[in-house]
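Student: Just passing along the structure, written as structure tokens.
The values are calculated or read from the model by the stated rules, or taken from the named source; none is laboratory data. Computed from a predicted model, the values in this text were never measured in an experiment. Positions of Cβ are backbone-derived with ideal geometry, glycine not excepted, and every protein chain shown enters the neighbour counts.
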Amino acid sequence: MNAIEATGVQVTLGGRPIVREVDLTVPTGQVLALLGTNGSGKSTLVRALLGVVPTVAGDVRLLGAPLGRAVPWERVGYVPQRVGAPGGVPATALEVVVSGLLHGRRLRPPRDRRARALAALDALGVGHLQDRRVQELSGGQQQRVLIARALVRRPALLVLDEPTSGIDLPTQESFVTALSELRDAGTTVVVILHEIGPFAPLVDRAVVLRHGRVVHDGPPPPARGEHGAVDHDHTHPHTDPAAPSDGPDLTLEVTP
């Protein structure tokens with residue numbers, strides 16, 4: 001079974017085409033990097049695949065089920081780009097990660113919730129912050145807590161939108177190690193990146209978008225500095241109107 005099967009996906013926002021007839025099949029257990037400059041449609045594509053933004057054409061299946069209520073959402077983890085820490089009632093890092101074990105079909109976390117949450121925090125190098133309020137943490141620490149909240153689900157499909165933005169290199173390497181363990185356990189990973197960087201040993205395949213179309217689908221390009229096939233000029237002439245930086249917190253529940 002493929003983790004993702006998408007055919008002819010098109011997204012139009014504000015009257016402008018953002019994703020144009022994208023076909024994408026991701027086999028179970030594969031680690032796929034989605035690359036491209038800002039405005040290429042990367043975030044919009046993954047949000048469409050998860051049913052967060054509507055499509056104007058195309059079909060999507062996740063974990064063998066058509067997009068919608070039939071998808072086993074409890075087996076899907078998603079970390080949007082630059083999502084803020086949860087607001088409202090103050091919560092500790094541990095409590096935030098435990099909340100990742102809740103979903104529409106589970107109203108109570110499992111009995112081993114604390115051990116699982118601590119393991120996820122430790123994997124991201126923030127286990128010592130378990131009792132700190134998330135609102136008091138730095139942006140990079142908050143990001144690691146939110147990634148841990150996705151990892152604690154032990155998802156079959158994990159989707160990450162530039163997860164290491166603002167995180168130092170040693171922590172990125174720890175995160176890649178955690179992802180390697182998930183991959184070895186059979187998890188499918190789709191990760192949006194600007195550059196392969198420390199993910200190079202992990203990535204099986206790269207898909208590059210340009211102006212909403214797939215322009216490369218195959219082996220990962222050379223690391224930055226080797227002037228590979230991906231155009232990363234970083235001039236960023238466009239911005240993606242669906243970029244989720246100011247959107248709702250969708251890490252826990254992506255059910256349409």
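Student: Which residues, taken from the stretch 140-164, are part of a loop (DSSP other than H, G, I, E, B) and basic (K, R)? Spell out how you get there, then give the answer.
Tutor: First, the residues of the stretch 140-164 that are part of a loop (DSSP other than H, G, I, E, B): 152-156, 162-164.
Residues satisfying the conditions are R153, R154.
Student: Something else: Can you confirm whether the stretch 4-27 contains a residue that is closer than 15 Å to R213 by Cα, of a type in the set (K, R) and part of a strand (DSSP E or B)?
Tutor: Yes - at least one qualifying residue is present in the stretch 4-27.
Student: For A48, only one of the following conditions fails: (1) touching a residue at least 60 places away in the same chain (Cβ under 8 Å); (2) buried (at least 19 other Cβ atoms within 10 Å of the Cβ); (3) within 28 Å of E181 (Cα to Cα); (4) small (G, A, S). What is its number?
Tutor: Against the list (1) touching a residue at least 60 places away in the same chain (Cβ under 8 Å); (2) buried (at least 19 other Cβ atoms within 10 Å of the Cβ); (3) within 28 Å of E181 (Cα to Cα); (4) small (G, A, S), A48 comes up short only on (1).
Student: Restrict the check to the stretch 89-100 and report whether at least one residue is at pLDDT below 75 and not acidic (D, E).
Tutor: yes
Student: Which condition does R111 not pass, out of (1) under 30 Å from G212 (Cβ atoms); (2) modelled with pLDDT under 95, if it passes all the others?
Tutor: Only one criterion in (1) under 30 Å from G212 (Cβ atoms); (2) modelled with pLDDT under 95 is unmet by R111, namely (1).
Student: Residue under question is E21, and the condition is that it be touching a Lys or Arg at 6+ places or on another chain (Cβ under 8 Å) and more than 23 Å from F175 (Cα to Cα); does it hold? Give the steps one after another, and end with the answer.
Tutor: Working: touching a Lys or Arg at 6+ places or on another chain (Cβ under 8 Å): yes; more than 23 Å from F175 (Cα to Cα): yes.
When the stated conditions are applied, E21 passes them.
Student: Only one residue in G68, G64 is of a type outside the set (S, T, Y) and either at pLDDT below 90 or touching a Gly at 6+ places or on another chain (Cβ under 9 Å) (or both), so which one is that?
Tutor: Values: G64 fails: either at pLDDT below 90 or touching a Gly at 6+ places or on another chain (Cβ under 9 Å) (or both).
After ruling out the rest, the residue left standing is G68.
Student: Next question, about the same structure. Would you mention how many residues in the stretch 1-28 are in contact with a strand residue (DSSP E or B) (Cβ under 6 Å, 6 or more places away or on another chain) and over 15 Å from V76 (Cβ atoms)?
Tutor: Start the filter on the stretch 1-28 by keeping residues that are in contact with a strand residue (DSSP E or B) (Cβ under 6 Å, 6 or more places away or on another chain), which leaves 2-11, 18-28.
Among the residues that remain, those that are also over 15 Å from V76 (Cβ atoms) are: 7-11, 18-25, 27.
Within the stretch 1-28, residues that are in contact with a strand residue (DSSP E or B) (Cβ under 6 Å, 6 or more places away or on another chain) and over 15 Å from V76 (Cβ atoms) number 14.
Student: Further question: I'd like the residue in the stretch 8-40 that is closer than 15 Å to A206 by Cα, of a type outside the set (V, I, T) and touching a His at 6+ places or on another chain (Cβ under 8 Å) and, out of all such residues, is surrounded by the most Cβ atoms within 10 Å (Cβ to Cβ). Outline the logic, then answer.
Tutor: Kept after step one, since they are closer than 15 Å to A206 by Cα, are these residues of the stretch 8-40: 22-27, 29-37, 40.
Retained after the next criterion (residues that are of a type outside the set (V, I, T)): 23-24, 27, 29-30, 32-36, 40.
From what is left, the residues that are touching a His at 6+ places or on another chain (Cβ under 8 Å) are 35, 40.
On the way: L35: 27, S40: 24.
Restricting to residues being closer than 15 Å to A206 by Cα, of a type outside the set (V, I, T) and touching a His at 6+ places or on another chain (Cβ under 8 Å), the top hit is L35.
Student: Based on what the data block shows, is L121 closer than 21 Å to V52 by Cα and touching a residue at least 24 places away in the same chain (Cβ under 8 Å)? Show your work before the answer.
Tutor: Numbers: closer than 21 Å to V52 by Cα: no; touching a residue at least 24 places away in the same chain (Cβ under 8 Å): yes.
Considered against the rule, which asks whether it is closer than 21 Å to V52 by Cα and touching a residue at least 24 places away in the same chain (Cβ under 8 Å), L121 comes out as no.
Student: Counting only residues that are touching a Pro at 6+ places or on another chain (Cβ under 8 Å) and assigned to a loop (DSSP other than H, G, I, E, B), which one in the stretch 51-68 is surrounded by the fewest Cβ atoms within 10 Å (Cβ to Cβ)? Don't jump to the end; show me each part of the working.
Tutor: Step one: of the stretch 51-68, the residues touching a Pro at 6+ places or on another chain (Cβ under 8 Å) are 51-52, 59-60, 63, 65, 67-68.
Checking the rest, the ones that are also assigned to a loop (DSSP other than H, G, I, E, B) come to 51-52, 63, 67-68.
On the way: G51: 18, V52: 20, L63: 20, L67: 18, G68: 11.
The qualifying residue surrounded by the fewest Cβ atoms within 10 Å (Cβ to Cβ) is G68.
Student: P198 - would you say it is assigned to a loop (DSSP other than H, G, I, E, B), at negative phi, modelled with pLDDT under 95 and not hydrophobic (A, V, I, L, M, F, W, C)? Please lay out each step first, then the result.
Tutor: On the way: assigned to a loop (DSSP other than H, G, I, E, B): no; at negative phi: yes; modelled with pLDDT under 95: yes; not hydrophobic (A, V, I, L, M, F, W, C): yes.
No; evaluated as a whole, the condition is false for this residue.
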